[in-house]
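Colleague: Below are the structure tokens for one structure; questions will follow.
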Amino acid sequence: MSIKNRQTSSTEKSIGNSNINTFLSSVAVILSAIALGGVGIALTQIFQLQQSFRELEASVQKSLATSESQQISSSPSIPVTEPNQQANTEIQPGQFVQYAFKDAAQVEILSVKRIQNPESKTRDIVNINMRFRRLKEGRGHNIISLDQTKARNPETNETYESYNNIISDLERERARKEGRKTDHSKRKHSSGSILMTLVKPGASVDGYVWMSIPEGIKTIDLIVPKTAMFLNVPISE
């Protein structure tokens, strides 16, 4: 083979190798571009997903805040009661019942209401209504004198008398100064004495007594003669 033919063959091989290299380089560039494009698309999708998650989180938080606000606004309000204010001062049937004369009778408090003093026009009088029930036969007269009823302040232990006793003392003092006898005919502030022996077993009789109790007192202990003590009895206005 001649030298010229060898050179030509070598040149052709060189050109062929160069074309292959160029082709491979192009392929590599194209693949790199595709890879970069894929990375870009992936990054774009990730960014969009992050944005969507942030929007979703904000929406959920807003929904929770709205729900809590609606629950608070729809919750029933709790009334605020002042320390000295009683929610209910009306006495319920059977709430205050005690035995009298051991177990021969029962005394039930029906109502305890503050009323106006007919003389001073202040509201320092409490009208107490009671029911006296005879349970069985008893010995003796079994008398309950309502004028001897006493009330006690459970906080200070100060005691209060019936209004009849108060005005009786005033009347005696006036009669003494005027040199006359005491007149009890105008006293009509209690049922007087309850004679239980006149009440048939199983039957009952009602009575009342006015008590002189200063304004502002909301609860009393009540001491009825021959009867167990009533504790923490509310006074209604």
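None of the figures in this text is laboratory data; all of them are computed from the coordinates on show. From a predicted model like this one, the values you see are computed outputs, not experimental measurements. Neighbour counts are summed over all protein chains in view; Cβ atoms, including those assigned to glycine, are modelled from backbone coordinates with ideal geometry.
Colleague: Taking R0 as 35 Å, what FRET efficiency do you get between LEU170 and THR219 from their Cβ-Cβ distance, rounded to the nearest 0.05?
Modeller: With a Förster radius of 35 Å, E is 0.80.
Colleague: From the cross-link list LYS121/LYS177; LYS102/LYS218; LYS150/LYS218, which pairs have alpha carbons spaced over 18 Å apart? Write out the running numbers ahead of the final one.
Modeller: Details: LYS121/LYS177 25 Å; LYS102/LYS218 29 Å; LYS150/LYS218 16 Å.
The answer is LYS121/LYS177; LYS102/LYS218.
Colleague: On full extension of the chain, what length is gained from ALA228 through GLU155, given 0.36 nm per residue of separation minus the C-alpha to C-alpha distance?
Modeller: 24.3 nm
Colleague: Between the DSSP loop rule and a limit of at most 13 other Cβ atoms within 10 Å, which GluC sites (Glu not before Pro) in segment 90-143 are left? The partial results should precede the final answer.
Modeller: Working: sites: GLU90, GLU108, GLU119, GLU137; in loops: GLU90, GLU119, GLU137.
Sparse-neighbourhood loop GluC sites (Glu not before Pro): GLU90, GLU119, GLU137.
Colleague: Do any trypsin sites (Lys or Arg not before Pro) in segment 92-139 lie in a loop, going by DSSP, with at most 16 other beta-carbon atoms within 10 Å of their beta carbon, and if so which?
Modeller: Here the sparse-neighbourhood loop sites are LYS102, LYS121, ARG123, LYS136, ARG139.
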